[in-house]
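Written below as structure tokens is the structure these notes are about.
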There are 2 protein chains.
Amino acid sequence: MIKDFMHESLEEAKRSLFLNEVPVGAVIVKDNKIIARAHNLRETLQDATAHAEILAIKKACDLLGTWRLTGCDMYVTLEPCPMCAGAILQSRISKLYIGIFDPSVGACGSVINLIQNDALNHWTEINWLYNAECGNLLTNFFKDKR
Amino acid sequence: MIKDFMHESLEEAKRSLFLNEVPVGAVIVKDNKIIARAHNLRETLQDATAHAEILAIKKACDLLGTWRLTGCDMYVTLEPCPMCAGAILQSRISKLYIGIFDPSVGACGSVINLIQNDALNHWTEINWLYNAECGNLLTNFFKDKR
């Protein structure tokens, strides 16, 4: 099941790619069902907050009619940045499954750890999947840009 | 001028209060003019991301037609949380004016510092205004809740 949800997250990331956006995708799962899915739309929407994770959280809140996503899990292809890690804390998402780490701005342990930080008011389980496809998608995107 | 912009930010915070929301307000200023203003709407919208700062950033991006808010300053009544501090970094806001610190989840120095962190990819100027009214608004709100 974990593999299937990360596959769906990757499918979302590929949609970013078609829009010439940095390919990152996220899905939110509750009771073994995907309730929200999104991909990075920063350039398309010209909105600094339009990362896959933020868009998926907004959709899940809208669907469930609550800002509390307790009992929901997020599958994301790339380690969340500080903004998205902060949104994951704010929304009380229970478990986080991450495709690949982000050594530049990863806020789940690579550069800083907001998700598991006793000084902050919430703590989320992190599961690293080390999914090569998530990384290759990004590597190839930036290679093509050069 | 700084005092006037913080006053407007406080006026926004008071609007949250009327909605029984934690009273936090933010305005974004460019070329000495307010281009976006927002207040906390988390409960009203049931959206975990609907903090004043995020809503103001989205409005400013929309108005300017770009996700890059370089040259824009934000005035916010309360020290931003990790999500909002991350959004300030993402949007490249140039200067941040903060009314009062947040000892529970403040991410501009109180609990953690994301805004001025050499490990991250952006750095924003912070100006602390130590505005008592910003704090009193919050203290009275939580006192009434008890």
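Going through (1) β-branched (V, I, T); (2) closer than 22 Å to B:R15 by Cβ; (3) more than 7 Å from chain A (Cβ to nearest Cβ) one by one, B:I115 falls short only on (2).
Counted as qualifying within the stretch A:1-102 are the helices (runs of 4 or more DSSP H) with 1 or more residues that are within 14 Å of another protein chain (Cβ to nearest Cβ) and surrounded by fewer than 16 Cβ atoms within 10 Å (Cβ to Cβ), namely A:42-45, A:52-64. In the stretch B:120-130, the count of residues that are touching a residue at least 40 places away in the same chain (Cβ under 8 Å), among the polar types (S, T, N, Q) and either away from chain A (no Cβ under 14 Å) or closer than 15 Å to B:G25 by Cα (or both) is one or more.
Values in this text are rule-based calculations from the coordinates and carry no lab data. Because the structure is a prediction, the values reported are computed rather than measured. All Cβ positions, even for glycine, are placed from backbone atoms using ideal geometry, and neighbour counts span all protein chains on display.
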